[in-house]
1. FRET efficiency for ILE91 and ASP166, Cβ-Cβ distance as r, R0 = 25 Å, nearest 0.05?
2. Assuming a strict under-19 Å limit between Cα atoms, what lysine pair count do you get for the range 86-198 once near-sequence pairs (fewer than 8 apart, same chain) are dropped?
3. Of ILE149, PHE121, VAL168, which is farthest on the positive side of the dipole of the range 86-198, counting Cα position, with +1 on Lys and Arg Cβ, -1 on Asp and Glu Cβ, and the Cα centre as origin?
4. Find how many whole Å separate the alpha carbon centroid of the range 179-195 from the alpha carbon centroid of the range 103-173.
5. Quickly work out the LEU176-to-ARG191 label distance, labels modelled 7 Å from Cα along the C-beta direction, and quote it in nm with one decimal.
6. Between LEU104 and THR51, how many nm apart are label points set 7 Å from Cα along the C-beta direction?
7. Just to be sure I understand the model, the point goes 7 Å from the Cα along the line to the Cβ. What's the resulting LYS43 to LYS140 distance in nm?
8. Please give the charge dipole size of the range 86-198, origin at the Cα centre, charges +1 on K and R Cβ atoms and -1 on D and E Cβ atoms. Round to the nearest 20 debye.
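Bear in mind these aren't lab numbers, they're just calculated from the coordinates by the rules spelled out. Just so you know, these numbers come straight off a predicted model, no measurement behind them. Cβ placement follows ideal geometry from the backbone for every residue including glycine, while neighbour counts extend to all protein chains displayed.
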Amino acid sequence: MTKQQKRLTKYQLIVIRSDYLRQSNLSRFFFFCVFTLDLLLYKGKCQMRRTFKSFREVFRDENFTHLVENIEVVVAKILAICMLFVIGVAIFDLVNFTFKELFLSEYDGFYKTLFKVFGLFLNVLIALEILENITGYLKKHVLQVELVIVTSLIAVARKIIILDLDKVEGVDIIGLGLAVLALSISYFIIRVSNSKNTH
């Protein structure tokens with residue numbers, strides 16, 4: 001064999017070997033891709049099963065009612081924080097108005113602005129009653145109907161106190177009177193039923 005033929009056979013062996021390695025690398029790469037894809041699909045399938053299982057657990061009756069109760073508590077806390085802010089603004093408004101009327105305006109008698117002060121004062125009381133409703137709900141998880149009716153009575157009383165009799169008609173006064181009567185009867189019925197339940 002000549003040197004040239006030996007070189008050619010060495011070259012052919014290198015080419016054949018590199019072709020074989022190239023093919024084996026491709027097959028390994030292909031196998032790796034298929035294996036990775038299969039693994040990802042399997043993991044995704046398991047994850048989907050776990051997700052569906054957790055959804056089923058969440059939507060079971062006990063778990064779902066527990067979730068709803070937690071959301072109600074969060075909403076009640078947000079409302080309580082908002083009511084504290086409203087009470088602070090209402091108190092500031094009351095103090096500011098009273099200070100201006102007493103010290104900064106000309107004195108023609110405090111009786112003219114007295115009903116406005118009463119109205120602002122009752123605004124604070126109404127806000128406090130609403131806050132009491134929210135905190136009562138947070139403590140007992142029951143809406144206290146008695147407190148709601150008392151709040152409504154205070155609101156109607158505020159409307160009557162700040163009412164300008166020169167600008168209203170008799171029908172408006174009759175309507176407010178009927179509202180007070182209905183709320184008072186409702187309050188009486190609830191008090192009687194609560195006293196019967198306690199005894």
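1. For ILE91 and ASP166, the calculated efficiency is 0.25.
2. 7
3. ILE149
4. 19
5. With each label point 7 Å from Cα toward Cβ, the separation is 2.3 nm.
6. Going by the 7 Å Cα→Cβ label model, 6.0 nm.
7. The modelled label-to-label distance comes out at 5.4 nm.
8. Taking the Cα centre of the range 86-198 as origin, the dipole is about 540 debye.
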